[in-house]
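Take a look at the structure below.
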Amino acid sequence: SNKSTTKSGLEGTAEPGSGQDPTLSLSAVQVGQEETEEELTEADLDQRVDIYLSETDTLWMFDMPSVMVSVEAEDAGRVLERNKIYADMCKTKAGSERFEERMVQTLAGAAKNKEVQCETIIMEDKGTMVTSWDLDNSLDASETEPTSQAEGSGATTGGSSKSPTMKEQEQTVSVSSDRGITTSSLMISESAVPVRSQEEEKCHSEAILTSENLKQDLVIMERILMENIFQPKLAAYRQIPVLIEPDITSDRGDTATAMEEDEEEEHDKEKKDEGKEGKGLIDPSMTINKTPEEDAAPRLEQLWSYTCDLTSGHSVSSMAWNKVNPDLLAIGYGEFDSKDQKKGLACCWSLKNPMWPERIFQCDHGVTAVDFSLASPNLLAVGTSSGSVAVYDVRSQNNAAFLDSSASLNKHTGAVWQLRWVEQDRGATEGDKKERLMCISADGRVTEWLIQQRLDCIDLMKLRRTEREKKKLPGEKERKSEAPISQQAAGMCFDFHPEDTDIYLAGTDEGHIYQCSCSGKEQILGTYRGHKGPVYRVAWNPSSTDMFLSCSADWSTILWHRDSQTPLLTFSSVRAFVHDIMWSPKSAFIFAAVKESRVEIWDLSVSIFNPVISHAANPEANLMSILFAKNTNCLLLGDSLGGVGVWELFNLDA
């Protein structure tokens, strides 16, 4: 049976079509089997033989990864996390509030115009400044050019010593004129101009654009352009005759003459329209004592306005002229509305450029007061609504503060409503003059700041609240327990006597005005009670030093005498807050008052009942500050939108 089984198995090994002889293969197997049977013994048959089955390498013919994963798999958590990220990303598509459209997501962005300053790669047109003799020389050279070219060609055929490189280095100069374009035969060798690579040219251009000399030259050029544009208005401001360009007859033809005439007619129309608008701004009904001639009536006309995009939207809080340079004006900007707190600005404007400030100082809080020093005209003191005081050096290009009160332990806790540089010794020489920086704040303190390595202050006075006497009603009991929340009255304004700087006036939010002394035991010399609201400004008369004015939120302006605690005159024309007042530097009878809706010019020698000029402001803005110009009949008005208008006074000896 074993032999038959083996024989049948071996017979099956010969596959049909394999090409082998079945007789040969069978005989070979039988011989090998006989040899194997002869070698095996019973011991070998009884011996245990281990047979190991192994799997061959798997050959992958096609593999498709599954898109589904069991929740019990090891990487099920990672797959769920990726699905969540993808779902969140889909939510940020269009239709969601967090969707953002950016230019990087657009294949072809929408075309738009954008002006930039850059260096052009290829310069095609060149301009140069030439004189009349340059044009004549180039014309003569162009006439003799054919002869020179013929001689040059003959020399070349005869054997020229010039190499091709030298020929390439020669260039011709082209000059453009009204007659046409002429080419000069003057040759300029490139050896005179150093050859630079593109990188060197780029570095050289960047060095020129970032150089300080170029910046200074651009500033000078800008000032020249501004003075050309504002020449008539600046001439009117300085009270000098306005230059009128004469009519120049030229040979350019009738077309150019007609165009000039049209431009002159349009210019005259604009002037007439501006005159009509200026006259329309004056309220004739508020002007008194008119002469028969309408032009003889006092009036205001606007010359220009100090405003730019940077200051737009910031309310003008204070203004101050430089003590040495009357063309330099410091303006403080701040927004004091609790709903819209903005950062403050202190800008220095110059008459040389009415469209952009010369210096810009950024402040963290709204600026409430500014003033220039007399001993050091380059120092500008700035007070803010947070109670901090800073001193800036306007000569420096750095916008950081020269000194500030951040490190002072005795700094103000309320807004600094006014500050002033006060001369200590008026009779001393220039070298011995000393100044004190004085401040009054809403925390009820009048302080003197010491300028050393840092700013530090000492208290001159603390304003105390006074109890108001109330009328008792019949049967009403006395209330002894009533007491003010704060014992200190908020200081709103002050002004030092023009002759004796130890005497000053201080106005409070109670409506009281205190006459105080910097020296002596009795600090309060007198109290003036006449206002029923916060006192916004007090001002000594510079000509009659015993008189002073005060304005308040109770719609009134009061004239006081130093020795009388009873008001002499009360001026109240409209029901509006009086934000600022100022005496005219040229007359002891004229002063200006700024109200919410208008500016009023009062002349006490003409009338004490009505203002001489009452000018309505822009309905979109309220007037906040006022300042008379030095050495000219002009008035500066600051409004709540960041503009400072310069107005000229006519027919008024101010």
Where does each of LEU569, LEU437, LEU40 land when they are ordered by accessible area, with a 1.4 Å probe and the largest first? LEU40, LEU569, LEU437
Can you list residues from other chains, or at least 5 along the same chain, whose modelled amide H is less than 5 Å from the amide H of TYR536? CYS551, SER552, ALA553
On full extension of the chain, what length is gained from ASN137 through GLU199, given 0.36 nm per residue of separation minus the C-alpha to C-alpha distance? 18.6 nm
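With a 1.4 Å probe and all protein chains in place, put VAL324, VAL578 in order of accessible area, largest first.
VAL324, VAL578
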Rolling a 1.4 angstrom probe over the protein chains, ignoring ligands and nucleic acids, what is the accessible area of ASP309 in square angstrom, nearest 10? 140
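Subtract the Cα-Cα distance of LEU218 and VAL116 from 0.36 nm times their separation in residues, and report this length gain in nm to one decimal. Spell out each step's value before the answer.
Numbers: separation 102, 0.36 × 102 = 36.72 nm, distance 1.74 nm.
Length gained, LEU218 through VAL116: 35.0 nm.
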Could you give me the ³J(HN,Hα) list for region 574-580, computed from phi with Karplus coefficients 6.51, -1.76, 1.60 and θ = phi - 60°, whole Hz, x at Gly and Pro? 10, 8, 7, 4, 9, 7, 7
Residues with amide H under 5 Å of ILE613's amide H, sequence separation 5 or more or different chain, H placed in the peptide plane at 1.01 Å from N; which? ILE601
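Cβ under 11 Å from ILE220's Cβ, ILE220 left aside: what net charge do those residues give with Lys, Arg +1 and Asp, Glu -1? Each step should come with its number before you reach the end.
Details: positive: LYS215, ARG223, LYS352; negative: ASP217, GLU222, GLU227.
Cβ neighbours under 11 Å give a net charge of 0.
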Neighbourhood charge, 13 Å Cβ-Cβ cut-off, centred on PRO326 and excluding it, Lys, Arg +1 and Asp, Glu -1: +3
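Let me make sure I get this right: for region 375-426, a, b and c are the square roots of the gyration tensor eigenvalues over alpha carbons, sorted descending. Under 1.5 in a/c it's rounded, otherwise prolate if a/b > b/c, else oblate. Which is it? Mind showing how you got there, number by number?
Details: a/c = 2.01, a/b = 1.18, b/c = 1.70.
Here region 375-426 falls in the oblate category.
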Note, THR413: beta-carbon cut-off 10 Å, +1 each Lys/Arg, -1 each Asp/Glu, net +1
Taking amide hydrogens as modeled 1.01 Å from N in the peptide plane, which residues meet the under 5 Å criterion relative to PHE591, leaving out close sequence neighbours? SER584, TRP602, LEU604
Checked against a 29 Å limit on the C-alpha separation, the offending pairs among LYS343/LYS411; LYS233/LYS595; LYS93/LYS343 are LYS93/LYS343
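Of HIS615, HIS204, which has the most accessible area and how do the rest follow, probe 1.4 Å? Could you put the intermediate results ahead of the total?
Numbers: HIS615 5, HIS204 80 Å².
Result, largest first: HIS204, HIS615.
The values are calculated or read from the model by the stated rules, or taken from the named source; none is laboratory data. No experiment lies behind these values; they were computed from the predicted model shown. Cβ: placed from backbone, ideal geometry, glycine included. Neighbour counts: every protein chain shown. Accessible surface is based on the protein model in full, side chains and every heavy atom, while ligands, DNA and RNA are left aside. Shrake-Rupley method; radii C 1.70, N 1.55, O 1.52, S 1.80 Å.
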